[in-house]
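Data block below; observations after.
The values are calculated or read from the model by the stated rules, or taken from the named source; none is laboratory data. All values reported here derive from a predicted model rather than from experimental measurement. Because the Cβ atoms are built from the backbone with ideal geometry, glycine has one as well, and the counts that use them run over all protein chains shown. Please note that ligands, DNA and RNA were not included when accessible areas were found on the heavy atoms of the full protein model with its side chains. Shrake-Rupley method; radii C 1.70, N 1.55, O 1.52, S 1.80 Å.
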Amino acid sequence: MDTDVVELILADHRRFEDLFRELRSAEGDRRTALAELSGLLVAHAEAEETQVYPALRRLGAADGEEVEHGSEEHDEGHRALLALLEVGEPGGSGWDEALEELSGAITHHLDEEERTLLNDARERLTRDRRGALGAEFARMRARLLDSGCGGVEQVRELVRRAGS
């Protein structure tokens, strides 16, 4: 498996897009898709913030403003995710609105991150460094996914911490 951090992050981004399509489909397994999306969003964001963003900043591949903006967008995504998780039944009252709020926040973040941080990482970091950083990202992400990080209580805690 390729451990290039840029490629790993991009693969997650494409998976988010697939899951949003499934969540919009009345024929899809929305519960399963939501559980996967929730866990993956939380694990991805936390692994980026603890492993990737600090390293990009330290290695001169990102400035503090880009990193801070990415973290703020993660917080916004967590708030929108919590709102969707709290709707309850997929397809129920408020589902479509909450889903589109989350989708809009995440799509905006993915677009910005791909155009700024990830392009900068490709240009400024060697393949070996991107591989080492990708291995750290993947380990943290897997550990968080294994811990069930996408549950509603865990997301509430992330939102609470971001608000303080």
- Would you kindly state how much longer the chain becomes between Glu7 and Arg21 on full extension, computed as 0.36 nm times their sequence separation minus their alpha carbon distance, in nm to one decimal? 2.9 nm
- To the nearest 10 square angstrom, what accessible area does Asp63 show with a 1.4 Å probe? 80 Å²
- Query: How big is the chain by Rg and Dmax over its Cα atoms, in Å?
  - Reply: 15.6, 49
- Note on the structure: GNM of the chain, Cα pairs under 10 angstrom: of Glu86, Glu113, Glu76, the biggest fluctuation goes to Glu86
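Given a 1.4 Å probe, how much area per residue of the chain is accessible, in Å²?
Per residue, the chain has 50 Å² of solvent-accessible surface.
Stretched out fully, how many nm does the piece from Thr107 to Leu59 gain, at 0.36 nm a residue minus the Cα gap?
Residue separation times 0.36 nm, minus the Cα-Cα distance, leaves 14.6 nm.
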- Query: For the chain, modelled as a Gaussian network with Cα springs under 10 Å, which listed residue fluctuates most, Ser71, Ser147, Ser38?
  - Reply: Ser147
- Label points 7 Å out from Cα along the Cβ direction at Arg160 and Ala142: separation in nm? 3.1 nm
- Message: Taking all protein chains in place and a 1.4 Å probe, what share, in percent, of the accessible surface of the chain do carbon and sulfur account for?
- Response: 47 percent
